[in-house]
Structures are given as C-alpha cells and as structure tokens.
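Below is one structure, written out as structure tokens; the observations come after it.
The values are calculated or read from the model by the stated rules, or taken from the named source; none is laboratory data. Nothing here was measured: the structure is a model prediction, and the numbers come from that model. Don't worry about glycine lacking a Cβ; one is built from the backbone with ideal geometry, like all the others, and counts go over all protein chains shown. Note: areas computed on protein heavy atoms with side chains; ligands, DNA, RNA excluded. Shrake-Rupley method; radii C 1.70, N 1.55, O 1.52, S 1.80 Å.
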Amino acid sequence: MATIKDVARLAGVGLGTASRVISGKGSVSPATLEKVRKAIEELDFRPSHAARTLLSGSSQMIGVYIPYLSGTFYTPILQSIYTALRAAGLNMVVAFGVGEGDARQQAIEGMNFLIERGSDGLIVMTNSLEEEDFAALGPFQARVVVINHAFASIAEQCFTVDHEAGGQLAAQTLLAQQHRKIAVIAGRAAAADNQARIAGFMAELEAAGIAPASVWMEDGDFSPEGGWACAERLLKSGYEFTAVFCANDEMAVGALSCFQQAGVAVPQQVSVLGYDDTHSAEFTAPRLTSVHIPWSEMTLNGLNFLLNRCYDMQRPVERQYQLHVAERASLSAART
C-alpha cells in the first residue's frame, strides 16, 4: 500500500508539500498540484484514517454514548445518526455503560473513552450525569450535545421534549375514553424524564378529580422484563383497573405479554397505553397505542447542531417538536 512518502518521492516534492495537497490546506503552485495529483493516481494512494486525522487535525468521527445496548429503543436512534454521518462523509464510534461503577461513573468513563479515541464531538444520551461532569471536560464541553436532558450550563447544546406535557397527553387520552380506574407502570424513579412524565400524568388526573394517591403505581426499569413483573404484581394486588399507562413502550410490551399469559384481554378488559412510540409498538399484539415522542427528529437536530459546531457546517436546527398519540389497537373505551 502506497504511503504519503511514496507520493512525495514520485512527484519529486517534499513531504510537507504532498501533505498540503492531500489535506487541501495550504497553497501550492498549479504545476506542483498537478504533479502530486498524478502521483496519487499512479500509485492509487488512499490515505488511511489515521493519516487523514494527522493531515487535517480532525478525526471526522463523532462519538455517541448510550447507557446500554439492548432492547429496541436505541437501535433506530443509532441507525439514524450513523446514516446522517455517513451521508456527510463522517463516521461514528459508540460507547455504552460497562464496568463496576454506578451509571454516572460509567457515563463519565464512556465520554472520556470517546474523547481519547479522537472523537471530534460527542452525542450523549443518559439521565445519570450532572452539570459538573460536563464542566470537567474543559474546553471539549463545547463539543458535546445532550439528547433528552437539559442542563442549564450547556442549555444551547441540549435537545429534548416537554415530557411533562407528554404525561399530560397520556392522561388526557385515557380520560377521553372514560378511564378513571387507572394503574401506572413508571420507569426508573431517578430518571428526570420519567419524573416529568409521571408528574404531568398525575397532575392531569388530579385536575379531573382523581386523587394521585388512589392510583396504583410501581416503578419499573424501562425493560420488557420490568413491565411484565409490574403487571404481574398489579394483577395480584387486587386493585381494580380498566387501563394501564406504561412510561415507555418496552415496559408496555412486557405488560401486554403478562396480560395475555394471564388471560386478560386487551383492550376488551384492560386498555394499555405506551410512551415513546418506538418501532416495536407497531408489532405488538394488539398493536400498541402510544404517546409519540419524535426521537429521530430530536436526535438529528442535535446532530446538526454538533456538525455545525465541529465542522463549520450550516445545517438547519429546530428545537420545537410536536407530541401526539399514535392510535392503534390497545386502547378502547372503559368497560362499564
């Protein structure tokens, strides 16, 4: 495989001159430019990624941190990021939580790993970090975009939705179908987005005359297994209910499976409402009605912001996103 030294030797120029032609930075005479280009063509020279990084001072790579790599939630998000980056001639490297530390320490180590690998910028999706964790990144903090969380110190770099409004919309959807005996399978109690959607949900119920304290609720872990376990405990609790709001679709998938196993018909006996409107919601049995969160739109706008900052691009960036309910087959009017 030809190297840049081979190109310089064949063209009869210095290594620095060949580097300027290949990187496109710096000036050379037209005659010299032509000689180097002919040498590149003759040798079929293709600079390696490492060589391009040295020549340009940029890795042309964006790092992405997610807390875990399982389930169906993160896969389409990663795919949309990767597709957009490749279309722009860039690439990505992904890190997720591993090790013995807690979720916050894993996220910190994940970000540092991505920075050490030469990422030009980072997209971060986690509820575990604090303001000071970004400040600790020093100047690199300016090259971080956070998805689904808001930090006052880097507010311009955060892209999220109003999850409290999402919770309110979920409650309004159930109330419109005359559901008043409602159970809630919440997500991780410490997750800020979960807290917001549950707060909005409960506030809307209270406004309709349903005391939040009277609503059966249990914290899950955003996984199908957690949804199943919560649904199983709900059925054993003796609580009378006509509808269940699940704080994400993956828990709703688990709840639907549990109800089917127990012989509880959805939506004839119990309605189930999810949250996120992920791809899996279209293929549950019955198909899941869910509050649509525009994850791809939100993520790609964050990515556009990051590309503008890292590579001086001029991509459009939107910050307002519409929420709605994707109506399918798991929700019907309350039984009388």
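Structure values in brief
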{"quantity": "Residue 240 vs. criteria surrounded by fewer than 22 Cβ atoms within 10 Å (Cβ to Cβ), part of a loop (DSSP other than H, G, I, E, B) and over 21 Å from the mean Cα position of the chain (by Cα)", "calculated": "yes"}
{"quantity": "Any hit, the range 258-279, residues being surrounded by fewer than 17 Cβ atoms within 10 Å (Cβ to Cβ), modelled with pLDDT under 95 and out of contact with any strand residue (DSSP E or B) (no Cβ under 7 Å at 6 or more places or on another chain)", "calculated": "yes"}
{"quantity": "Residue identified as open to solvent by 10 Å² or more (accessible area, probe 1.4 Å) and in contact with a Ser or Thr (Cβ under 8 Å, 6 or more places away or on another chain) among 317, 291, 325", "calculated": "325"}
{"quantity": "Hey, residue 112 surrounded by fewer than 16 Cβ atoms within 10 Å (Cβ to Cβ), farther than 25 Å from residue 249 by Cα and in contact with a strand residue (DSSP E or B) (Cβ under 6 Å, 6 or more places away or on another chain) or not", "calculated": "no"}
{"quantity": "Residues within the range 103-141 that are hydrophobic (A, V, I, L, M, F, W, C), in contact with a helix residue (DSSP H, G or I) (Cβ under 7 Å, 6 or more places away or on another chain) and within 20 Å of residue 81 (Cα to Cα), tallied", "calculated": "4"}
{"quantity": "The range 28-43 - residue that is open to solvent by 100 Å² or more (accessible area, probe 1.4 Å) and under 44 Å from the mean Cα position of the chain (by Cα) and, of those, farthest from residue 58 (Cα to Cα)", "calculated": "41"}
{"quantity": "Breaking point among (1) within 18 Å of the chain's Cα centre (by Cα); (2) β-branched (Val, Ile, Thr); (3) assigned to a helix (DSSP H, G or I), for residue 291", "calculated": "(3)"}
{"quantity": "Meets criteria (charged (D, E, K, R) and either modelled with pLDDT of 85 or more or open to solvent by less than 80 Å² (accessible area, probe 1.4 Å) (or both)) for residue 25", "calculated": "no"}
{"quantity": "Selection status of residue 308, without any contact (Cβ under 8 Å) to a residue 12 or more places away in the chain, open to solvent by less than 60 Å² (accessible area, probe 1.4 Å), more than 29 Å from residue 236 (Cα to Cα) and among the polar types (S, T, N, Q)", "calculated": "yes"}
